[in-house]
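Here's the structure, in structure tokens; my notes come after.
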Amino acid sequence: MSAPATARQLMTAAEFLLIDNHGFELVDGVPQEKNMGMFSSTTDVWILGLLLRRFDWQKYGYFTDSEGGYQCWPQAPNRVRKPDIGFVRREKLPGGIIPEGWCTAPPDFVVEILSKNDTVEQTEEKVEEYLDAGVPLIWVVDPKKEEVYVYRGSLAADRLAGHDELLDEVVLPGFRCHADELFPPRGFIPPA
């Protein structure tokens, strides 16, 4: 991406799609860099792997990674959020087909993983936006504290850690895990 837009040169979601937007979201016409370092990125891959193994996702819909963008705020058409992990049910997509550009249907589930540069205000803003779009299940994962904050349709979050069980039969039928399973072991090196 060349240079971020300033307040004088706002970008539309369609224009944002045409440029190299890797690592950026569009917040009301302004590209904003996503904060993700190696530690939070590794946690992202670990969680996605866990979800893919333990949830029969192909039966219900599609997962997106941190580059899958959602443009699902009619009141803010130039907002594109890219959750670290997203899941959208097939029946929300026209013809059940994955769109070429941004997904205009709100995801059913998002995971945001805190990195060392994320602020409380930025995270709360994203959670509020997802809730306003109608996202029924949101996990905010703190890999440093090994905690997950679970939002189910409101700003009241459940804080889970250790052997607390994560499940939601409505959004992720059949998926279960303990909160501590969301985090790779310290010093983990995958087998060759």
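Is it true that Ala161 is modelled with pLDDT of 95 or more and more than 18 Å from the chain's Cα centre (by Cα)? Criteria met by Ala161.
Among the residues of segment 132-151, those identified as modelled with pLDDT of 95 or more and assigned to a loop (DSSP other than H, G, I, E, B) are Gly134, Val135, Pro136.
Tallying residues that are surrounded by 15 or more Cβ atoms within 10 Å (Cβ to Cβ) and not in a strand (DSSP E or B) within segment 165-179 yields 5.
Among the residues of segment 51-68, is any out of contact with any Pro (no Cβ under 8 Å at 6 or more places or on another chain), of a type in the set (Ser, Thr, Tyr) and within 30 Å of Gly174 (Cβ to Cβ)? Yes, some residue in segment 51-68 is out of contact with any Pro (no Cβ under 8 Å at 6 or more places or on another chain), of a type in the set (Ser, Thr, Tyr) and within 30 Å of Gly174 (Cβ to Cβ). The requirement of being surrounded by 13 or more Cβ atoms within 10 Å (Cβ to Cβ), at pLDDT below 95 and either over 17 Å from the mean Cα position of the chain (by Cα) or under 14 Å from Ile47 (Cα atoms) (or both) is satisfied by Phe183.
Somewhere in segment 98-105, is a residue on the phi < 0 side of the Ramachandran plot and without any contact (Cβ under 8 Å) to a residue 24 or more places away in the chain? The answer is yes, given that some residue of segment 98-105 is on the phi < 0 side of the Ramachandran plot and without any contact (Cβ under 8 Å) to a residue 24 or more places away in the chain. Scanning segment 1-42 for residues that are charged (D, E, K, R) and at pLDDT 85 or above yields Glu15, Asp20, Glu25, Asp28, Glu33, Lys34.
Residues of segment 80-118 that are buried (at least 22 other Cβ atoms within 10 Å of the Cβ) and farther than 29 Å from Leu166 by Cα: none at all. Does Ala156 satisfy being without any contact (Cβ under 8 Å) to a residue 40 or more places away in the chain and under 25 Å from Gly29 (Cα atoms)? So Ala156 fails the test. For Val127, are the conditions met, namely being assigned to a strand (DSSP E or B), closer than 23 Å to Val45 by Cα and not polar (S, T, N, Q)? Spelling it out, it is not the case that Val127 is assigned to a strand (DSSP E or B), closer than 23 Å to Val45 by Cα and not polar (S, T, N, Q).
The values are calculated or read from the model by the stated rules, or taken from the named source; none is laboratory data. As the structure is a prediction and not an experimental result, all values here were calculated from the model. Positions of Cβ are backbone-derived with ideal geometry, glycine not excepted, and every protein chain shown enters the neighbour counts.
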